[in-house]
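The values are calculated or read from the model by the stated rules, or taken from the named source; none is laboratory data. The shown structure was predicted, so the numbers you read here are calculated from the model rather than taken from an experiment. Neighbour counts run over all protein chains shown; Cβ positions are idealised from the backbone, glycine included.
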Amino acid sequence: MYLKAIERRLISHIPHWLGQVLRRARRGRADAGSARYCYAVWLRHLTLAARDAGLDRVPDAVAELGPGASLGVGLAALLSGASRYHALDVARDAPDEPEQTRRLLDELLVLFERREPIPGPTEFPRLEPALESYAFPHELLTDDHLGRSLAASRVEAIRAACAALGAETAGIRVAYHAPWHDPGVIEPGSVDFIVSQAVLECVDDLATAYHATRQWLRTGGIASHQIDLRSHGTSDRWWNGHWEYPPRLWAFLRGARPSLINREPVSTHVQRLTDAGFRILTDRRTRRDDGIPRDRLAPPFRRLSDDDLATSAIFIQATTA
């Protein structure tokens, strides 16, 4: 009786809930199409890997989980000096608009040529992880290095590789795998750096995803993930209000949107990562004390630890060694 009353009350919020989710999706697509956003995402991961995870040079082979509506993060990696980029998504969302890819490449090229500072919270207030300094990472991306990676002939090779996905062009290769269901889409031990930004909270089979990334990485490679554990617009009450929905109601809400958040807490991500054979190098958690009261949690979440209940995001970097 109690659960039915809860479900009736929560169902009354569905129209607003759907509007929130759709607005968030639109914002995400707009951000993915912004050169400055993609530049900010890539340089955050690269900078923190150099500072905290022992990265001493730009990775040669980069894979991105969930590129979304553009290949902008991968383009930033290629302009930084990577020669291979794999984009992996659950559904084909890019790169069907070659003009957008060309525009992003040109705009990113200008940002790197100018050594622009990393766009910070004033421009992208919701973008994590936060940095202590948003200065351009000159120590890793030196003038000599960028002189080679941004050479006109190399930029044209990147442009050609984007137009001929899967084919190698003058030493540059861009591959787009969507949908991907089999770890075999990438050769084992062939990737130096794997990156994801607000993606893994939407993956249902986390064990397979983390085991696949472990298989792809070479020994000593780095996986770098920003995981957003907030409600993604599914609650207008609390940032973690998604834990209020009973399983039956949540299944109904997910029916029309299978890529919705998986509702797994931070401890599950850490456990799945270590189960897959990773050693954690960086664990930066964002905590909040304004979340759902414990007595409002749906039954499956009533045993969440205090840390799980208060962690709204985690930036985690790990290695295979």
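Would you mind stating whether Arg102 is surrounded by 13 or more Cβ atoms within 10 Å (Cβ to Cβ), modelled with pLDDT of 95 or more and farther than 30 Å from Ser312 by Cβ?
no
Determine if the stretch 220-230 includes at least one residue that is without any contact (Cβ under 8 Å) to a residue 60 or more places away in the chain, over 20 Å from Ala130 (Cα atoms) and loosely packed, with under 15 Cβ neighbours inside 10 Å.
Taking the stretch 220-230 first, the residues without any contact (Cβ under 8 Å) to a residue 60 or more places away in the chain are none.
Within the stretch 220-230, none of the residues are without any contact (Cβ under 8 Å) to a residue 60 or more places away in the chain, over 20 Å from Ala130 (Cα atoms) and loosely packed, with under 15 Cβ neighbours inside 10 Å.
Could you say which residue among Asp228, Asp205 is of a type in the set (Asp, Glu) and either touching an Asp or Glu at 6+ places or on another chain (Cβ under 7 Å) or farther than 30 Å from Leu297 by Cα (or both)?
Step by step, each of Asp228, Asp205 is checked, and only Asp228 is of a type in the set (Asp, Glu) and either touching an Asp or Glu at 6+ places or on another chain (Cβ under 7 Å) or farther than 30 Å from Leu297 by Cα (or both).
So which residues in the stretch 169-195 are surrounded by fewer than 15 Cβ atoms within 10 Å (Cβ to Cβ) and in contact with a helix residue (DSSP H, G or I) (Cβ under 7 Å, 6 or more places away or on another chain), if there are any at all?
Ala170, Gly171, Pro188
Across the stretch 10-68, which residue is farthest from Gly81 (Cα to Cα) among those that are among the β-branched types (Val, Ile, Thr) and at pLDDT below 95? Steps first, please.
To start, the set of residues in the stretch 10-68 that are among the β-branched types (Val, Ile, Thr) comprises 11, 14, 21, 41, 47, 58, 62.
Those still in the list that are at pLDDT below 95 too: 11, 14, 21.
Working: Ile11: 50, Ile14: 46, Val21: 36 Å.
Taking the candidates together, the pick is Ile11.
Filter the stretch 50-85 for residues that are small (Gly, Ala, Ser) and more than 15 Å from the chain's Cα centre (by Cα) and give the result.
Hits for the stretch 50-85 are Ala50, Ala53, Gly54, Ala61, Ser80, Gly81, Ala82, Ser83.
Residues that are at pLDDT below 95: which helices (runs of 4 or more DSSP H) entirely in the stretch 234-321 hold 1 or more of them?
Filter on the stretch 234-321 gives 247-254.
Pick out the one residue from Arg159, Arg114 that is of a type in the set (D, E, K, R) and under 28 Å from Glu187 (Cα atoms). Step through it out loud before you land on a result.
Details: Arg114 fails: under 28 Å from Glu187 (Cα atoms).
The unique qualifying residue is Arg159.
Would you confirm whether or not the stretch 43-54 contains a residue that is under 24 Å from Leu150 (Cα atoms), touching a residue at least 60 places away in the same chain (Cβ under 8 Å) and outside any helix (DSSP H, G or I)?
no
Considering each residue of the stretch 226-285, count those that are of a type outside the set (A, V, I, L, M, F, W, C) and within 20 Å of Phe193 (Cβ to Cβ), and give that number.
Total satisfying the criteria: 9.
Among the residues of the stretch 283-299, is there at least one that is surrounded by 18 or more Cβ atoms within 10 Å (Cβ to Cβ) and in contact with a Gly (Cβ under 7 Å, 6 or more places away or on another chain)?
Within the stretch 283-299, one or more residues are surrounded by 18 or more Cβ atoms within 10 Å (Cβ to Cβ) and in contact with a Gly (Cβ under 7 Å, 6 or more places away or on another chain).
Could you tell me whether Pro129 is more than 21 Å from Arg159 (Cβ to Cβ) and touching a helix residue (DSSP H, G or I) at 6+ places or on another chain (Cβ under 7 Å)? Before the answer, list the steps.
On the way: more than 21 Å from Arg159 (Cβ to Cβ): yes; touching a helix residue (DSSP H, G or I) at 6+ places or on another chain (Cβ under 7 Å): yes.
Yes, satisfied.
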